[in-house]
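One structure is given here, and the rest of the page talks about it.
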Amino acid sequence: MTDPDFYRRQSESTDPGEYLAFYRDLPSSPEAILRHLSDILLSSFPLEGMTESQKRDIEVERTRDILKALHERGNPFTSKGPRETRFVGLCYHWSLLAASVLRSRGFACRLRCGFAPYLKGGEKGIDHTAIELWEPDAGRWRLMDPELVAVEPQASTRILGIDEPLDPLNVSPQQFHLAARAWMNYRCKRVPDGFYGLYADEPSYGFVRTSLIRDWLNILARERNVSYGPPLKGLDPTQERAYLDEIASLMLDPAKNRPTLEALSRDIDLES
């Protein structure tokens with residue numbers, strides 16, 4: 001099976017299950033699908049004005065549970081529903097639902113974790129989840145930011161000295177730092193300590209570590225909604241950093257190295 005074909009199949013996390021019929025009348029093009037998500041989802045912050053049920057949405061792991069919540073709230077799904085019927089999601093949920101719909105249409109799609117400096121005016125790389133869509137004619141993966149397509153927050157076009165237009169349907173590697181690149185930037189001190197994360201004064205290590213492990217799982221189509229990276233079995237902190245150096249190197253060519261990444265994934269302690 002070729003690399004794109006692997007990402008046309010639904011994973012356990014993206015499988016809509018008994019709610020597949022929800023997708024029947026959605027748009028057919030990837031761009032229109034992503035724009036439609038704003039009729040279904042709300043960004044998770046701030047949580048003021050949300051129902052108690054919506055405040056728990058950010059804990060959801062699987063697409064079928066997103067769809068179950070929408071069904072129980074009476075969300076029309078193919079048109080904009082009342083605010084209280086929509087799902088309140090993190091960037092993970094926007095990307096997860098996008099990938100689920102796209103895979104159901106036969107597109108090769110995968111979640112990717114990394115950092116988006118454009119969400120903070122270029123001054124900090126914000127922990128973020130996006131998607132990649134395979135373009136057969138071009139023979140490449142195109143990075144797309146489903147949440148940004150729908151909600152269009154203020155975004156900087158000048159990031160770390162690189163000045164270029166920001167298109168959320170075609171985000172460049174300079175604008176979105178995939179987790180492996182961010183890990184190497186951090187380890188080689190190419191960015192200031194604290195550049196990657198969420199808040200102003202936090203050290204970057206925990207964020208780049210978590211992002212790298214989550215993206216490793218994404219490449220294996222084992223998407224997880226985790227705030228903190230799970231431990232790696234039998235490794236002390238010094239050993240762990242050297243081990244993750246190897247993982248980051250493998251992640252630079254996931255098509256070639258997916259079997260190795262799959263074999264090494266037994267070291268991720270997901271049960272903890």
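Numerical summary
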read-out	value
Normalised convex hull volume, segment 117-272, alpha-carbon set, Å³ per residue	126 Å³
Choice from Ala32, Ala179, Ala221 showing the highest fluctuation, given a GNM over the chain with Cα pairs closer than 10 Å	Ala32
Candidates Gly125, Gly197, Gly206, ranked by Gaussian network fluctuation over the chain, Cα under 10 Å, top entry	Gly206
Equivalent ellipsoid, segment 1-106 (semi-axes from 5 times Cα gyration tensor eigenvalues, Å)	23, 14, 12
Taking N as its residue count, the alpha carbon Rg of segment 181-248 over 2.2 N^0.38 Å	1.10
Contact order relative to length of the chain, as percent, for alpha carbon pairs under 8 angstrom and 6 or more apart	17 percent
Residues Thr51 and Glu18, FRET efficiency given R0 of 35 Å [Cβ-Cβ distance, rounded to 0.05]	0.90
Size of the chain as Cα extents on the principal axes (Å, biggest first)	51, 41, 40
Calculated FRET efficiency for the pair Ser272/Thr238, C-beta based, R₀ 22 Å, to 0.05	0.65
Nearest-20 debye value, the chain charge dipole, Cβ charges on Lys, Arg, Asp, Glu	280 debye
Which of Ser28, Val171, Phe87, positive extreme of dipole for the chain (C-beta unit charges)	Ser28
Restricting segment 15-60 to chymotrypsin sites (Phe, Trp or Tyr not before Pro) in coil, as DSSP defines it, with at most 11 other Cβ within 10 Å	none
Cα centroid of segment 182-207 to Cα centroid of segment 33-104, whole Å	30 Å
Percentage relative contact order, segment 1-135, counting C-alpha pairs under 8 Å, at least six apart	30 percent
Under DSSP loop assignment and at most 10 Cβ neighbours within 10 Å, longest GluC sites (Glu not before Pro)-free interval of the chain	49-270
Selected from Ser43, Ser227, Ser204 as most flexible by GNM, with the chain as the system and alpha-carbon contacts under 10 Å	Ser227
Lysine pairs with alpha-carbon atoms under 23 Å apart, segment 3-267, spacing 8 or more or separate chains	5
At least 27 Å along the helix axis (C-alpha) and Kyte average at least 1.0, DSSP helices within the chain	none
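Computed from the coordinates by the stated procedures, all read-outs in this text should not be read as laboratory data. What you are looking at is a predicted structure, and each value in this text was computed from that prediction instead of being measured. All Cβ positions, glycine included, derive from the backbone under ideal geometry; neighbour counts span all protein chains shown.
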